[in-house]
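Peer 1: Provided herewith is a single structure, encoded as structure tokens, for subsequent inquiry.
The values are calculated or read from the model by the stated rules, or taken from the named source; none is laboratory data. What you see is a predicted model; the values in this text were computed from it and never measured. All Cβ positions, glycine included, derive from the backbone under ideal geometry; neighbour counts span all protein chains shown.
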Amino acid sequence: MRVTYTDKKSWQQIKFALNVSSSQDYYPFGAVMEGRSLENTNYRFGYGGHEKIDEVYGFSNLVDMGDRWLDVRIVRTSKVDRKAHLFSSISPYTYALNTPLQAIDPDGQLVIFVNGYRPNPYLFFDPYPKLVILRTLYRFITEEQVFKKDVYEYWGKVDNNFMKRIGDYNVLYADASSHGLSTAMYRYWRGMEAGETILKMIKSGELKLETDANGNVIETIKIVSHSQGGAYAAGISDVLTAAGYTVEVEYYIAPKQPEDIPQTKAQRRVHYYSPDDFVAPQEPMKNSEHWELPEQYRTLRTFGGHSLPAYEKIFETKRGAEGYVAPRKDKPEKPKSKPRIE
């Protein structure tokens, strides 16, 4: 059974009550039981948390798993599982190895978020030269860390918006916050250290990347950064590409010292900026797409267009325009006609 609630509460009989958005009773492989479903809204997601494609086979009969579509009526997918070589005794068109009560079939791409300056990290204030030196020394004697959640609660809604648009919830977070006098190359060097940390995670098995039948990594990497995180993100990118991984795209939001950020081998680079940014004066980055923040959002409150919430407008950019946040390349488009089920 799957029940979805809205996050809006209503006052009923002196108590707060949640509103049920949708409710379904499922058979083991995802077919909705007849007469046992409720839809109060056009909720997009269904069995297994996957997005429904109701326009093809009707209500909740087809779901988008990311790399494949699943027809829950016949319990078969639209194409072969990329990891079928690992389970030779199981049909490559099955869902969750034919054991949906104890397994799920998630997707597996990777997005890395790199935050910028955080006030007073490690209790070392920037205005005092001696403490700036202490914070720099601290960085030299510790290893760069990456996290599997936004431990500093830096990103607000922006990271979720990127994940939804890209279609990817396999994420890492890195902390690029440095003292106010730091150079782009200093943060780039720190980013390279973070890249080495990520490689160790891959080697140890803590971070798993998708491979093909021959064991070659086919998973692409997307990197999103803000402010001081820009140069740091470039460092991560260079280490991962040097190790043989593909960086599909780098999104730079109001990067600090953009003219000093090294060119990387990413397949695509996007620079979001404001000409009136008075925290990090912006010049368009070379060899990048450019997206300029509309003038009405370059206010004193947003520091002339530097603060992260001001850039939630980027998700209104139309497909084909510079700055468009694109779904990951391996995610299939929703079919215009019925897909062939073999």
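Peer 1: Give me the residue from segment 59-85 that is out of contact with any strand residue (DSSP E or B) (no Cβ under 9 Å at 6 or more places or on another chain) and modelled with pLDDT of 75 or more and, out of that set, nearest to L209 (Cα to Cα).
Peer 2: Among those residues, the one meeting the criterion is V75.
Peer 1: Within segment 241-253, is even one residue in a helix (DSSP H, G or I) and surrounded by 16 or more Cβ atoms within 10 Å (Cβ to Cβ)?
Peer 2: Yes, there is a match, as at least one residue in segment 241-253 is in a helix (DSSP H, G or I) and surrounded by 16 or more Cβ atoms within 10 Å (Cβ to Cβ).
Every residue, every condition in (1) crowded, with 16+ Cβ neighbours inside 10 Å; (2) without any contact (Cβ under 8 Å) to a residue 60 or more places away in the chain, yes or no:
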{"site": "A176", "(1), (2)": "yes, no"}
{"site": "Y186", "(1), (2)": "yes, yes"}
{"site": "M192", "(1), (2)": "yes, yes"}
{"site": "G205", "(1), (2)": "no, yes"}
{"site": "A213", "(1), (2)": "no, no"}
{"site": "T220", "(1), (2)": "yes, no"}
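Peer 1: Does R165 satisfy the condition of being basic (K, R) and buried (at least 22 other Cβ atoms within 10 Å of the Cβ)?
Peer 2: no
Peer 1: Moving on. Look through Y273, Y232, Y252, Y245 and report the one residue that is in contact (Cβ under 8 Å) with a residue 40 or more places away in the chain, in the same structural domain as G305 (by TED's automatic domain parsing) and aromatic (F, W, Y).
Peer 2: Y232
Peer 1: Pull up segment 270-295, narrow it to residues that are touching a strand residue (DSSP E or B) at 6+ places or on another chain (Cβ under 6 Å) and in a loop (DSSP other than H, G, I, E, B), then point me to the one that is farthest from A326 (Cα to Cα).
Peer 2: Here the answer is Q282.
Peer 1: Would you tally the residues in segment 29-51 being modelled with pLDDT of 75 or more and either buried (at least 20 other Cβ atoms within 10 Å of the Cβ) or part of a loop (DSSP other than H, G, I, E, B) (or both)?
Peer 2: 1
Peer 1: Surrounded by fewer than 21 Cβ atoms within 10 Å (Cβ to Cβ) and under 17 Å from E248 (Cβ atoms), is that true of N170?
Peer 2: yes
Peer 1: Within segment 264-288, work out how many residues are under 22 Å from the mean Cα position of the chain (by Cα) and surrounded by fewer than 18 Cβ atoms within 10 Å (Cβ to Cβ).
Peer 2: 3
Peer 1: Taking the stated definitions as given, is P309 assigned by TED's automatic domain parsing to the domain that holds Y117, within 25 Å of Y117 (Cα to Cα) and assigned to a loop (DSSP other than H, G, I, E, B)?
Peer 2: No.
Peer 1: Counting only residues that are surrounded by 18 or more Cβ atoms within 10 Å (Cβ to Cβ) and under 30 Å from H50 (Cβ atoms), which one in segment 122-154 is modelled with the lowest pLDDT?
Peer 2: V146
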